[in-house]
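All remarks here apply to the structure that follows.
The values are calculated or read from the model by the stated rules, or taken from the named source; none is laboratory data. Keep in mind it's a predicted model, so treat the numbers as computed, not measured. As a convention, Cβ positions derive from the backbone with ideal geometry for all residues, glycine included, and neighbour counts pool all protein chains shown. Only protein heavy atoms, including side chains, enter the accessible area calculation; ligands, DNA and RNA are left aside. Shrake-Rupley method; radii C 1.70, N 1.55, O 1.52, S 1.80 Å.
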Amino acid sequence: MSDIAAKTPPMPGALALFWRSFAENRGAVVGLAIMGILIAVSILADVISLHSPIEQFRESFLIPPIWQEGGEWSFPLGTDDVGRDMLSRLIYGARLSLIIGFSVASLALLTGTTLGLTAAFAGGIVDIVIMRLMDVLLVFPSLLLAIVIVAILGPGLFNAMLAVVVVTLPGYTRLARASALAELARDYVTATRSAGAGTLRLMFDVVLPNCAAPLIVQVSLGFAVAILDAAALGFLGLGAQPPTPEWGTMLSGALQFYQRAWWVLALPGFAILFTVLAFNLVGDGLRDALDPKLKR
Amino acid sequence: MALLEIRNLAVEFGTARGRFRAVDGVDVTVDAGEILCIVGESGSGKSVSMLAAMGLIAWPGRVTADVMRFDGTDLLGLSARDRRKVVGKDMAMVFQEPMTSLNPCYPIGWQIAEALRVHNAVPRNKVQDRVVELLEQVGIPDAGRRMNAFPHQMSGGMNQRVMIAMAISCNPRLLIADEPTTALDVTIQKQILDLLIDLQASHGMGLVLITHDMGVVAETAHRVQVMYAGQMVEEQSTDALFAAPRHPYTAALLDALPERAHGRARLPTIPGVVPGIDDRPTGCLFNPRCGLVTDLCRSTKPLTANGVRCHTPLGAPA
Amino acid sequence: MVRSMFRFLFRRIALIVPTFIGVTFMAFLLIHLVPGDPIEARVGERGIAPERLAELRHEFGYDLPMWQQFFKYEVQIVKGDLGMSVVTQQSVWHEFITLFPATVELSIAAILFAMLIGLPMGVIAAVRRGSAFDYGLMGMSVTGASMPIFWWGLMMILIFSVTLGITPVSGRISDAFFVEPWSGFMLIDCYWSEDEGACSSAWSHMILPMIVLGTIPLAIIARMTRSSMLEVLNEDYVRTARAKGLSTPRVVIVHALRNALIPVVTVIGLSVSGLLGGAILTETIFSWPGVGHWLVESIARRDYPVLQGGSLLIAVLVIMVNLGVDLLYGFLNPRIRR
């Protein structure tokens, strides 16, 4: 028997195993690559962009991209209706979108997880109140709820982000509660509890790490939702206000030029699509790699 | 002529680390009216070989055989359409898990009727009567009402009776039962087994009973095949096998039977496990667990001779 | 069976009551959280004498404690009074019900479009798992689910209306036609009017919004159908069905799809909420005279009673649809129909 055992390769590290499983999904690797490029672009925005995203070049309205007739090398992707450089706006828009995604997803994760764990641990009336509240939030179409919240708080990027946090909150809360309840039923939790661990310790040190996998996936997908919803609010004029180089806001101003300047209309949308796609692909890859039950 | 004749059957599955032979070089012969038992541990390929005969190995599994004939018809040469006329009609199969083997969305009577309809076994207007008749035949009381029940409303034993009714609905010439009692309570097991044997006798069917239970073999089989790691290691008539097993593996299986272990302090077991995909030994597949292992066993694969695949068969002249 | 059905229904409705109260509370909060006094908002920018303001505040009950106001609001809602639009002075309910059929028509068209394409594609991808078709569909599905539909709509207009000139840009029907609004559903009304020109005009107006709104549901349905089918195709009962000698289409459609549909229908039902959210954007882009367009305009006009009443009605609609999905789920899945 021993010679058989010796032939099996040594157990690879957990991280290597995770990567192998993740990399099996080609789409996820592509998503990760796009994500890497986006992060690099956002960090280097000040270095690589040719102009300020809000500087208006009075004599260069609606210059087409360079490959089209009339394009200029100083504006590789053309300019918009008030003479701002599209490329620079897109680059700074990437930075803004990542900041939006990160802030919204982390705030929603933090609040949602706390609420979900509280509901799971407290049980009884606290559980009922929290979960009913989430149900109420869920029956509003998320964009409508976001619109209503912005209507109350007033338009603007910060308020739009807050609205998206509220809208995405139920997902995190429900997930955290469900995972925590599933973990609480396990024997090791009972063992830790009988060993005298306090509730808070049990919550954050014992149960939370064990239900981290679905939450990590949710965060990646939550990034995508946050960017998409914030852009939609921007498009409706309720999110970031001009001249902020937010992709959705850029589209809202571009509506009237669709006959003359397709690039003003097409480019910000491609930017949104690829960014959201990248996070969705990575989220799917993470789910496959972290949750063996869902894998085939 | 044999009812079912298979020569040199191999079933391969593609895995992440190359192709894996779940069944290798298996011969099976079943005559009309005969009960053949195929015995082996889990993973020995006993179910897979019969699924292959039924044409139920789905892509990416691959089935090859020198001969695969049912009642003289070459099954491998048939088109998919023609093969479906045989499968479910002349050869039928009962599976291990009655609770999951019936479709949860349809009443049981409907599921039996479907088999009758697709093979045009009885005239359309007689289908309902035939369903009731079949349910009564397999011992389901109040058949007229029960036929409208859903599988989840019945017990495992009852569902297995439904599965049997479905299998015999078109009066098959060969019935394959894949561990039909394993998932059932002990008290029900005997009833189901008796039902199968009664039906076999009254219909004159060939019956292939796949099992890992040597006790069941002793009670029912005319002939026995022992499978190990995808290969057939021994084939004998039941009486001869129990009287004088020739393969060390068979001998070890029989020694592990409580009935045969009188007087011993503890039941003997076979050390080790059936080799999996990665740890196939060279030479005889049983050699790491065999008490009579020789250097020849470790280096060279044994061939089947006189119904046993072994270099050092028991009871052979030394 | 019928009795258990009723018990199931009753239990579900009992669960809805607290959600409904919560929803009305949210709507109530909306008006009270909006900066500025509701009365001042109502009289507009002309200004008002302080005495008159106090009088009006008393008349409308804005001087009462919050909980009493909420109770009053609740009674008002149950009576069916959703308030008046500040801009048009029409009752919110009346405006909603006039515009609602346009939204329903668009949503139904979009979901039918998504199902008609998504279900068969998902089934084929599952049956041919690992094929080029499977990979292609999965790639398209994740792209579709990531689509910013407000931009997608603009691109469709850019391509089909502006560049190719084959579809109209906005509205439900060309001004050249007048069709008696009998059901409120343009396609049905046109069909009844037997005016072929009107019919084709209505369809050409419908096609782009339908595709745009149906894109995300299509992506979700295709993906869900595939994964659900993959799971079901491995089930023992599918093997049993094949062992009966059934043809592959029969095994796939009658035995596998029937079971695979159970989770898919749930997903379709639950996507109604998202669909209505998408309708807000789609209607805005295509100037589709529906509820979504109306709500977006109400914000620009600071017509808060419209926003309040409209949101409330949409939330109630979502609750009803979810209830319907639950009942349908019980009907589709015999296992929970005890």
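Looking only at residues in the range B:74-98 that are more than 10 Å from chain C (Cβ to nearest Cβ) and within 21 Å of the chain's Cα centre (by Cα), the one that is farthest from B:A2 (Cα to Cα) is B:L76. Exactly one residue out of A:L221, A:L181, A:L200 is in contact with a Lys or Arg (Cβ under 9 Å, 6 or more places away or on another chain), assigned to a helix (DSSP H, G or I) and not small (G, A, S): that is A:L221. Annotation note: of B:I57, B:I35, B:I108, B:I112, the sole residue that is closer than 26 Å to B:V308 by Cα and of a type in the set (V, I, T) is B:I35.
Every residue, every condition in (1) open to solvent by 30 Å² or more (accessible area, probe 1.4 Å); (2) within 25 Å of B:V86 (Cβ to Cβ), yes or no:
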residue	(1), (2)
B:Q160	no, yes
B:N171	yes, yes
B:V186	yes, no
B:V217	no, no
B:L257	no, no
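For the range A:211-224, state whether one or more residues are at the interface with chain C (Cβ under 10 Å from one of its Cβ atoms) and touching a Ser or Thr at 6+ places or on another chain (Cβ under 9 Å). There is at least one residue in the range A:211-224 that is at the interface with chain C (Cβ under 10 Å from one of its Cβ atoms) and touching a Ser or Thr at 6+ places or on another chain (Cβ under 9 Å). Here A:I54 meets each of (1) part of a loop (DSSP other than H, G, I, E, B); (2) open to solvent by less than 70 Å² (accessible area, probe 1.4 Å) with one exception, condition (2). Residues in the range C:131-159 that are farther than 22 Å from C:A102 by Cα, more than 10 Å from every other protein chain (Cβ to nearest Cβ) and free of Cβ contacts under 8 Å to residues at least 60 places away in the same chain: C:S131, C:A132, C:F133, C:G136. Of all the residues in the range B:132-152, those that are away from chain C (no Cβ under 14 Å), among the hydrophobic types (A, V, I, L, M, F, W, C) and within 28 Å of the chain's Cα centre (by Cα) number 5.
You will find that of C:I268, C:I299, C:I253, the residue that is facing chain A (nearest Cβ under 10 Å) and in a helix (DSSP H, G or I) is C:I299 and no other.
Report, by residue number, each residue of the range A:244-259 that is more than 19 Å from C:F286 (Cα to Cα) and outside any helix (DSSP H, G or I).
Residues satisfying the conditions are A:T244, A:P245, A:E246.
For C:T88, the test of being among the β-branched types (V, I, T) and within 14 Å of chain A (Cβ to nearest Cβ) is failed.
Matching residues to (1) surrounded by fewer than 22 Cβ atoms within 10 Å (Cβ to Cβ); (2) of a type in the set (S, T, Y); (3) touching a Lys or Arg at 6+ places or on another chain (Cβ under 7 Å); (4) within 9 Å of chain C (Cβ to nearest Cβ):
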{"position": "A:D135", "(1), (2), (3), (4)": "yes, no, no, yes"}
{"position": "A:P141", "(1), (2), (3), (4)": "no, no, no, yes"}
{"position": "A:A146", "(1), (2), (3), (4)": "no, no, no, yes"}
{"position": "A:N159", "(1), (2), (3), (4)": "yes, no, no, no"}
{"position": "A:L162", "(1), (2), (3), (4)": "yes, no, no, no"}
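On inspection, B:D178 qualifies as among the acidic types (D, E) and buried (at least 18 other Cβ atoms within 10 Å of the Cβ).
For the range A:73-114, a residue qualifies if it is among the hydroxyl-bearing types (S, T, Y) and more than 16 Å from A:I227 (Cβ to Cβ), and the qualifying residues are A:S74, A:T79, A:S88, A:T111, A:T113, A:T114.
Among the residues making up the range C:207-266, a single one is basic (K, R) and open to solvent by less than 40 Å² (accessible area, probe 1.4 Å): C:K244. Of the set (1) closer than 23 Å to C:T225 by Cβ; (2) modelled with pLDDT under 90; (3) at the interface with chain A (Cβ under 9 Å from one of its Cβ atoms), all apply to C:N333 but (3). Report those strands (runs of 3 or more DSSP E) wholly inside the range B:1-117 carrying at least 2 residues which are closer than 30 Å to B:Q128 by Cα, modelled with pLDDT of 90 or more and open to solvent by less than 10 Å² (accessible area, probe 1.4 Å). Result: B:91-94. Screening the range C:276-296 for residues that are facing another protein chain (nearest Cβ under 8 Å) and among the β-branched types (V, I, T) and picking the one that is farthest from C:A14 (Cα to Cα) gives C:T284. Which ones in the range C:138-169 are in a loop (DSSP other than H, G, I, E, B) and small (G, A, S)? If the condition is that a residue be in a loop (DSSP other than H, G, I, E, B) and small (G, A, S), then C:S146, C:G165 are the ones that fit. Consider the range A:172-231 and keep the residues that are of a type in the set (F, W, Y) and under 24 Å from C:G278 (Cβ atoms). The one that is most open to solvent (accessible area, probe 1.4 Å) is A:F223.
Being open to solvent by less than 60 Å² (accessible area, probe 1.4 Å), under 30 Å from A:R26 (Cβ atoms) and in contact (Cβ under 8 Å) with a residue 40 or more places away in the chain is a condition met by no residue of the range C:75-84. Scanning the range B:120-146 for residues that are open to solvent by 20 Å² or more (accessible area, probe 1.4 Å) and touching a residue at least 12 places away in the same chain (Cβ under 8 Å) yields B:A121, B:Q128, B:R130, B:V132, B:Q137, B:G139, B:G144, B:R146. Between C:M66, C:M121, the distinction of being away from every other protein chain (no Cβ under 14 Å) and surrounded by 19 or more Cβ atoms within 10 Å (Cβ to Cβ) belongs to C:M121 only.
Quickly run through the range C:270-308 and pick out the residues that are open to solvent by less than 40 Å² (accessible area, probe 1.4 Å) and touching a Lys or Arg at 6+ places or on another chain (Cβ under 7 Å). C:W288 - this is the single residue of the range C:270-308 that is open to solvent by less than 40 Å² (accessible area, probe 1.4 Å) and touching a Lys or Arg at 6+ places or on another chain (Cβ under 7 Å). Residue count for the range C:169-199, restricted to those that are free of Cβ contacts under 8 Å to residues at least 40 places away in the same chain, open to solvent by 40 Å² or more (accessible area, probe 1.4 Å) and closer than 30 Å to C:A145 by Cα: 0. So is C:V238 of a type in the set (A, V, I, L, M, F, W, C), within 12 Å of another protein chain (Cβ to nearest Cβ) and under 24 Å from the mean Cα position of the chain (by Cα) or not? Here the answer is no, as C:V238 does not meet what is asked.
Taken over the range A:241-278, the criterion of being open to solvent by less than 10 Å² (accessible area, probe 1.4 Å) and within 10 Å of another protein chain (Cβ to nearest Cβ) is satisfied by A:W247, A:G248, A:L251, A:A254, A:L265, A:A266, A:P268, A:G269, A:I272, A:T275, A:V276, A:A278. Taking (1) hydroxyl-bearing (S, T, Y); (2) more than 9 Å from chain B (Cβ to nearest Cβ); (3) without any contact (Cβ under 8 Å) to a residue 60 or more places away in the chain; (4) within 24 Å of C:E231 (Cβ to Cβ) in turn, C:S273 satisfies each apart from (4).
Selection of first residues in the range A:199-227 that are farther than 28 Å from A:T275 by Cα and of second residues that are among the charged types (D, E, K, R) and part of a helix (DSSP H, G or I), restricted to Cβ pairs under 6 Å at least 6 apart or on distinct chains, gives the following pairs, ordered by first then second residue: A:V207/A:E183; A:N210/A:E183.
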